[in-house]
Structures are given as C-alpha cells and as structure tokens.
Amino acid sequence: MVIEDIEREHDRRASLDADEALGLLADDLDAGLRRVEKRGVGDADGLLRAVMRPRFWSGPTLSSLAARDPERFSGAVLDRFVRLANADPEPRFRDEAARDVRESIIAHRLNGPVYSALGEALFSLAWSEAAAYADHVAQLAEVDHDASDELVCRTLAATQDSEAAIGWLLHRTEWYWLGWGHDRWPVMDVIAMHSGRCSDGHFIRLEDAILTFSPALENDDCRGFGQYELLTVLDRERMSADARTQLMELHHRFVQQVIESPKS
C-alpha cells in the first residue's frame with residue numbers, strides 16, 4: 001500500500017463518529033490478537049506484525065478519541081493491551097538497561113500511538129476521579145510487563161488520592177527504576193505529586209525506600225544516581241535530616257563529576 005492510500009485511510013477514520021471509530025479500532029486490535037494467537041506466544045516477529053496492524057490510525061485521531069470519551073476508549077483498548085502484553089516473550093528490560101518510555105514501547109513491540117492514547121485516557125480518568133481508574137490500575141498491576149507498570153505510574157501521578165498512590169509505590173519498589181537515567185521517569189512524577197500530601201507513615205516509609213534504593217544497573221561510577229534523582233522530587237518540607245544530608249552529598253558528587261568530565 002502506497003503512502004497516499006494510507007493517508008486517505010487516516011483521513012477517513014478521523015471522520016468517523018466515536019461509535020464507529022471505537023468499534024473499528026477494537027476490530028483491528030482483535031485481528032492483531034488473533035495473529036498473535038495463531039503464530040504462538042514466543043514468536044516475536046509475529047507479535048511485532050500483529051500489534052502494528054492498526055497502522056491506519058494516526059496519533060492525533062487516537063488522542064482525540066481518548067479525550068472525547070476516556071472511559072469508553074479505555075474499555076475498548078485496555079483488555080486487548082493486557083492480552084498483548086501477556087503475550088510478549090520479552091516483557092522486562094529494566095534490570096538490564098535504562099530505557100525511557102518511548103524506547104520501552106519500541107523494545108516491547110507495542111503499537112506506539114495506541115499505547116500513548118491509552119495512557120492519555122487513563123490519565124484523564126484518574127485526574128477526574130472517575131471510579132473506573134482504580135480498577136484499571138489494579139488490572140494493569142497484575143501484568144508482568146515494563147510498559148504496563150509505566151502506564152500505572154503515569155495514571156497514579158494524575159490521581160487526587162495521594163495515600164493510594166504512595167501506597168502502590170510502597171508495595172512495588174521494582175517500579176522505582178522504570179526509565180532510570182532519563183528525564184522525569186514515571187515514578188518521579190508520582191513522588192513529586194503525592195509525597196507532600198500522603199500520611200506521615202507513608203512518607204516515612206517512602207523516604208526509607210528511596211534511601212535504600214540501589215538498582216542493579218548502576219555501576220560504581222553512577223552508584224546513587226537513582227537515589228539522588230528520587231530525593232530531588234521528594235517533598236522538601238517533610239524530608240528528614242538524614243535524607244537532606246544524603247541529597248546534599250549526592251548532589252555535590254554528581255555535580256563534581258559533571259565539572260570534572262572531559263568536554264567532548
């Protein structure tokens with residue numbers, strides 16, 4: 001199919017009403033899932049071709065659908081996303097290499113525009129305090145996949161329920177290094193949004209978890225960098241003296257490394 005044909009199909013789908021568009025999107029995703037099931041769970045190439053099947057959907061069209069009715073969009077896409085994530089033969093990368101959200105989408109062979117629009121819909125539901133958001137978070141948290149965990153963190157950053165959001169982080173410390181090394185990795189947004197509003201008990205436990213955070217992907221040269229980044233977004237007014245001291249020491253160390261590193 002030539003580029004002109006794809007562009008015309010993009011335009012046609014952008015003109016559909018919400019019912020038609022969501023029905024067609026669900027059909028496309030189901031077709032991809034059937035291809036996954038036909039080829040077998042371990043067939044990475046087959047999974048790639050299957051999830052890229054909705055190529056006729058442009059990013060703006062999907063974002064518009066998600067914004068118009070986030071609850072229906074999530075209903076149409078979330079279960080299918082979970083099934084695809086569960087079929088991914090390589091769901092985890094975070095222990096091996098630092099990746100930002102875009103790299104994670106590519107690495108896991110997810111359809112980028114669909115994934116991004118689902119994130120927007122979930123964020124909107126959480127921000128508006130829709131009851132469905134908590135069920136969606138629980139559903140995603142059951143999936144053993146980096147991209148699913150990233151969606152949960154993005155959604156928790158939008159909720160008004162700070163106690164619940166920090167509570168998730170206290171029980172899922174493996175989320176802390178999602179996107180390590182990149183600007184504003186997902187868990188940083190959750191901490192920045194909620195560490196100033198959660199209970200004292202949750203804050204103390206969160207601070208302790210950050211002070212002991214040392215992911216395996218940090219070598220000797222960058223040991224403590226993840227801890228440093230998370231401390232920078234922890235609520236400064238509530239921070240203990242130990243945490244302030246650690247933040248200052250790490251700040252001086254990494255600033256000094258930047259000063260001493262040779263210029264390219």
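How much length is gained if the chain between R34 and A67 is pulled fully straight, taking 0.36 nm per residue apart and subtracting their Cα-Cα distance, in nm to one decimal?
In short, 9.1 nm is gained.
Treating the beta-carbon of each Lys and Arg as +1 and of each Asp and Glu as -1, no other charges, what is the dipole magnitude of the stretch 141-237 about its Cα centre, to the nearest 20 debye?
Here the stretch 141-237 has a charge dipole of around 200 debye.
In whole Hz and in residue order, list the ³J(HN,Hα) couplings for the stretch 235-245 that follow from phi through the Karplus curve 6.51 cos²θ - 1.76 cosθ + 1.60, θ = phi - 60°; x for Gly and Pro.
4, 5, 5, 9, 5, 6, 4, 4, 5, 5, 5
Express in nm, to one decimal, how much length is gained between E9 and T232 on full extension, taking 0.36 nm for each residue of separation and deducting their alpha carbon distance.
75.7 nm
Tell me, what is the per residue accessible area of the stretch 161-258 in Å², probe radius 1.4 Å?
Here the residues of the stretch 161-258 average 48 Å² of exposed surface.
If you average 1/r across every pair of different Cα atoms in the stretch 114-159 and take the reciprocal, what Kirkwood value do you get, in Å?
By the Kirkwood definition, the hydrodynamic radius is 10.2 Å.
Against the empirical 2.2 N^0.38 Å scaling, what ratio does the C-alpha Rg of the stretch 161-258 come to?
So the Cα radius of gyration is 1.02 times the expected 2.2 N^0.38 Å.
For the stretch 58-86 and the stretch 193-239, what is the separation of their Cα centres, given in Å?
One Cα centre to the other: 32 Å.
Counting other C-beta atoms within 10 Å, and keeping those with at most 13, which DSSP coil GluC sites (Glu not before Pro) do you find in the stretch 142-218?
Hits after loop and neighbour filter: E142.
Please sort 16-26, 113-123 by packing, taking for each peptide the average over its residues of neighbouring beta carbons within 10 angstrom, highest first.
Those peptides, ordered most packed to least, come out 113-123, 16-26.
The values are calculated or read from the model by the stated rules, or taken from the named source; none is laboratory data. Predicted model only: the values in this text are computed from it and were never measured. Every residue, glycine as well, gets a Cβ built from its backbone with ideal geometry; the counts of neighbours run over all protein chains shown. Ligands, DNA and RNA are stripped out before the accessible areas are found, and what is left, the full protein with its side chains, is counted by its heavy atoms. Shrake-Rupley method; radii C 1.70, N 1.55, O 1.52, S 1.80 Å.
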